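For reference, the structure is listed below as structure tokens.
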Amino acid sequence: MVALLDIKGLRVEFPSRRGHVVAIQDLTLELAPGEILGVVGESGAGKSTIGAAVSGLLEPPGEVTGGEVRLKGERIDNLDEHQRRAIRGRRIGMIFQDPLTSLDPLQTIERQLIDTIDHHLAVGEKEARARAVNLLDQVGIPDPNVRIAQYPHQFSGGMRQRVVIALALAAEPELVIADEPTTALDVSVQAQILELLKSLCREKQVGMILITHDMGVIADTADRVCVMYRGRVVETGVTTQIIGAPRHDYTKSLISAIPRPDRRSRRFPLVTYIEGEEERPEKIDLGSHWLGQSRDFGAGEDVMLKAEDLRMEFLTQRSMWRSKRKYLRAVDDVSFEIRSGEVFGLVGESGSGKSTIARLVTGIYRPSGGSVTFAGQDLTALKTRAEAAPWRRQMQMIFQDPFSSLNGRMRVRDIVAEPIHFHRLAGSREEAQKIVKDLLELVGLGAAAAVRFPHEFSGGQRQRISIARALATRPRFLICDEPTSALDVSIQAQILNLLKDLQEQLQLSVLFISHDLPVIRQMCDRVGVMRHGKLLEVAETETLFQRPSHEYSRHLLDLMPKLEGLRREEVMEGQSVA
Amino acid sequence: MSVSTSEQAGAAPKSRLRSFLDGDVWYSFTRSPVVMLSAIFLIVTFLAAVFAPYVAPHDPFDLASIDLMDASLPPAWEADGDPRFLLGTDDQGRDVLSTIIFGARISLIVGIAAVAFSIVLGVGLGLISGYVGGRLDAFIMRVADVQLSFPSILIALLIDGVARSVISRSAHDEIALYVLVFAIGVSGWVQYARTVRGSTLVERDKEYVQAARVIGMGPTLILWRHVLPNVMGPVLVIATIHLAVAIITEATLSFLGVGVPPTTPSLGTLIRIGNDYLFSGEWWITIFPGVALVLLVLAINLLGDWLRDALNPKLR
């Protein structure tokens, strides 16, 4: 039998003036009708380039320089642009990551669907419309007859992704390439979309290449998995085998770096295969070092931070008259306590108000109501910046996006030294530079990083710089707002380990915000669950995961990818897997 | 060869010059002959203007060396030409080439000073407008809108006219240059303010600015240390194009007789003087300064266009 898609020895190169970058090397894979092949790998592994090469959407100067791609036995890699267009959409459908940008905002769903169907199948307007309604029904859009006349902005993110899927399936393609189809969506929506993709592939006998960085997505959906590392396939196999009994070292370390949803381990096993970056054993004696000494605040309060009836409203409609103004209540009467030395987690889907709370606590936003008490001091009562400065100094924040959280025009040493100079924590420039050096060592970057600029570092390394900057004020309270959600899973493991170590060594209290339940389970002592600006439940982490009391918590836990059959190998603490 | 960030981080840190020469901007510069030609022309013009007293064959200000007998001589290669005056002389016997060199000096001084003044005013207002927002932002931007509805030359004329009526004639000649810089500078701040306001709105919400706020920094320090360096890229591009516009504006005002005093040779005054003789056969008095002005402005514009493309990662 002829395979649906047959790729042999594919090689894709991006010529640049500093030599050719080989994006894909010697790639060979097969796909049967109705099969879902997962392609996993970390950023830069060449996953998306496969999809682009198959559909002929490689961005210049990228080009296929070797191998062949066959669709049902016909070569499609050497076609000219005209012939390719006939295949793309008609025989190969594409689903992209961002449902917000993959639909034309100026056209109704109807127009976009009918145009696609009519263009490829030439069935006439009337028949095309009937098919379009039918398609919307199949992808699970309620009232397709009514909603078809609407514009993309009238659909929610998940619904929009369903429309994109309908569009990809409109011309009844044989192959669908889905590039991170659920990455921009919340977990609850993700589960539904994956279920939909799975059933559609089975029903219509469509082959699908599912490109993702998320092992959880693969585990739930794919029949077979192909693991990529730096442009090469390191391992291909049936999903259960890859997840349960990986053979290649890279796959092993990748799997072990996934935060386990089912139990709490003290540390993540180190993933040495990936960045080749060994965690340096820390030699700084914190008891006598600058970081540890004169932490100049009253010792031993039980409660580090207390939020009472915290409320935040954003103006959504301006008006001269108070009564006509409309507000969005992002945080709605939230109260919680964070004890000294505790890691307190906040979990919830996007838009639940987690990040707003972080910004209220740090004083980036002023609350519309309620109070924040930090180490016994009511911060909301302090009027000027100067008054608040000594308190603000003791709480620092680590941000989500490592690419925008560092000023690209400053050297690393200036970035880290800035808070030291600002709060006059060091006697002289030399002393400050010595502290910066030690801080960089402490976060595992090495003192040589000091003279470089942020763009010379990878995402994980930048996040370490962010941590060093946060520690530079000698804080005792740290807020981590999704600190690893922009990072690859192996880097995430390193950063989470580092945060755990620092938290223990410096006895920090931490507010840890994440949408990722397994990460929360590994990091936090107590957890609060948020939805629509309200705090629904606060519980000890293990209690929450075993016996959630609120219905929504139970719902969230159910949606968590289970990774059934995950390699059961017990990993010793700190032992390297690779 | 795969170029990954982690490998780059492992290399020794580069000096600023080294990384500039390795960078894409310098690379695209060496690949476009037109831009290199413009740059060379501009450098030569700049040097000639700066060292005018040493470069120019004659001193058009030295009344003792000017002889009315030399008036209106054609260029050296014409039949009546005098080899002492390569591009001929004007109606008062001044060497046209020397006057152009001294004129370019005035044009460049006025142009650069006016652009610098516009940048300080426009970038400052743009930063405040974008960062503070609210009513102040609305006010500054409405003023900008109103100003945009007048041609900038009109605004420069207005300021110049007001200055003339307020300041006495003798004092005016001395400070005419400053008035001119002020007039051209004020007429050009709007585009800087708008661009910078836009970039500031983007940068303001980035996490590095929030990080600075968490550290406890006040708005002035954040604007100066963090936002300003990150919004200056587009400003440099606008500035090069604006320099060309400022030089043209200066030439236009001088041509109309409201710019620099008639005794100071700028390219505009030269063209005006020559204009009277254009139809009586002495074409060189106006054509050569005109060509010099066109070449100068063209070179700056070409360089500015290239800089805009080279600094735009999407067009690379």
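At a Förster radius of 30 Å, what calculated FRET efficiency corresponds to the Cβ-Cβ distance of B:E174 and B:V294, to the nearest 0.05?
Numbers: r = 31 Å, r/R0 = 1.02.
According to the calculation, E is roughly 0.45.
Between the stretch A:57-120 and the stretch A:376-411, what's the alpha-carbon centroid distance in Å?
47 Å
Could you check the simple spin-label distance between B:V120 and A:R311, using points 7 Å along Cα→Cβ, in nm with one decimal?
Simple spin-label model gives 4.9 nm for this pair.
Using a 10 Å cut-off on Cβ to Cβ distances, tally the other chain neighbours for every residue of A:400-407 and report the average as a whole number.
5
At R0 = 35 Å, how high is the FRET efficiency between A:K126 and A:V2 if r is their beta carbon distance? Nearest 0.05 is fine.
For R0 = 35 Å, the calculated efficiency reads 0.45.
Go ahead and run the numbers for FRET between B:D80 and B:F150, Cβ-Cβ distance against an R0 of 35 Å, rounding to 0.05.
E(calc), rounded to 0.05, equals 0.15.
So, counting K/R as plus one and D/E as minus one, what does the shell of residues with Cβ under 13 Å around B:G188 add up to?
0
So which chymotrypsin sites (Phe, Trp or Tyr not before Pro) in the stretch B:41-122 are both in a DSSP loop and have at most 14 other Cβ atoms within 10 Å of their Cβ?
Here the chymotrypsin sites (Phe, Trp or Tyr not before Pro) that fit, given the DSSP loop and packing criteria, are B:F51, B:W77.
Less than 16 Å from a label point 7 Å out along the Cα-to-Cβ axis of A:E59: which backbone N atoms in the stretch A:1-44 qualify, by residue?
A:13-17, A:21-24, A:43-44
When the Cα centres of the stretch B:22-53 and the stretch A:185-242 are compared, how far apart do they sit, in Å?
First find each Cα centre; the distance between them is then 55 Å.
What is the packing order of peptides A:192-200, B:282-290, A:161-169, taking the mean over residues of other C-beta atoms within 10 Å and listing the highest first? Each step should come with its number before you reach the end.
Values: A:192-200: 18.7, B:282-290: 21.1, A:161-169: 24.7.
Packing order, densest peptide first, comes out as A:161-169, B:282-290, A:192-200.
Run through the DSSP bridge list for the stretch A:5-256 and note the antiparallel percent, rounded to the nearest 5.
DSSP beta bridges in the stretch A:5-256 are roughly 55 percent antiparallel.
Find out how many positive minus negative residues lie around B:P219, taking Lys and Arg as positive, Asp and Glu as negative, among other residues whose Cβ is under 12 Å from that of B:P219.
Taking every other residue near B:P219 into account, the sum is +4.
Would you calculate the separation in nanometres between label points at A:R264 and A:L106, each defined as 7 Å from the Cα along the Cα-to-beta-carbon direction?
Distance between label points: 5.5 nm.
How are the C-alpha pair distances of the stretch B:102-164 spread across 5 Å bins, as whole percents from the shortest bin up?
Pairs per bin, as whole percents: 4, 15, 15, 23, 20, 13, 7, 3, 1, 0.
Of A:L346, A:P548, A:V12, which is farthest towards the positive pole of the protein assembly as shown's charge dipole, taken about the Cα centre with +1 and -1 on the beta-carbons of Lys, Arg and Asp, Glu respectively?
Most positive-ward Cα: A:P548.
Restricting the calculation to Cα positions, tell me the Rg (one decimal) and the Dmax (whole number) of the stretch A:303-558 in Å.
Answer for the stretch A:303-558, Rg first and Dmax second: 18.8, 58 Å.
With unit charges on the beta carbon (Lys/Arg positive, Asp/Glu negative), name the residue among A:G41, A:V361, B:I285 whose Cα is farthest towards the positive pole of the charge dipole of the protein assembly as shown.
A:V361
Taking every residue in B:202-209, how many Cβ atoms of other protein chains lie within 10 Å of its Cβ, on average?
The per-residue average across the peptide is 5.
What ratio of Cα Rg to 2.2 N^0.38 Å holds for chain A?
Normalised Cα radius of gyration, chain A: 1.06.
Over all directions, average the projected area of the Cα convex hull of the stretch A:5-256 and note it in nm². Intermediate results must be reported in sequence, preceding the final value.
Details: hull surface 55.8 nm².
The Cα convex hull of the stretch A:5-256, projected and averaged over all directions, gives 13.9 nm².
Expressed in nm to one decimal, what extension gain is obtained for the pair A:D80 and A:L557 from 0.36 nm per residue of sequence separation less their Cα-Cα distance?
Additional length available on full extension: 166.8 nm.
In the protein assembly as shown, what percentage of the DSSP-assigned beta bridges are antiparallel, given to the nearest 5?
That works out to approximately 55 percent antiparallel.
Each label point is 7 Å from the Cα along the Cα-to-Cβ direction; what then is the distance between the points at A:S549 and A:A389, in nm?
Each label point is offset 7 Å from its Cα along the Cβ direction, giving 4.4 nm.
Please name whichever of B:T200, B:V162, B:V179 sits farthest to the positive end of the charge dipole of the stretch B:133-216, dipole taken about the Cα centre and charges placed at Cβ: Lys and Arg +1, Asp and Glu -1.
Checking the options against the dipole of the stretch B:133-216, the answer is B:T200.
Note down, for the stretch A:417-503, the three equivalent ellipsoid semi-axes (square root of 5 times each alpha carbon gyration tensor eigenvalue), biggest first, whole angstrom.
23, 15, 10
Extension gain A:E337-A:T28, at 0.36 nm per residue separation less the Cα-Cα distance, in nm?
That works out to 105.8 nm of additional length.
Which three lengths, in whole Å and largest first, does chain B cover when its Cα atoms are put on their principal axes?
The Cα atoms of chain B stretch 75, 57, 30 Å along the principal axes, largest first.
Within the stretch A:303-558, count lysine pairs with alpha carbon atoms under 23 angstrom apart where the residues are 8 or more positions apart or belong to different chains.
Within the stretch A:303-558, the lysine pair count is 9.
Bear in mind these aren't lab numbers, they're just calculated from the coordinates by the rules spelled out. What you see is a predicted model, and the numbers here were worked out from it, not measured in a lab. Don't worry about glycine lacking a Cβ; one is built from the backbone with ideal geometry, like all the others, and counts go over all protein chains shown.
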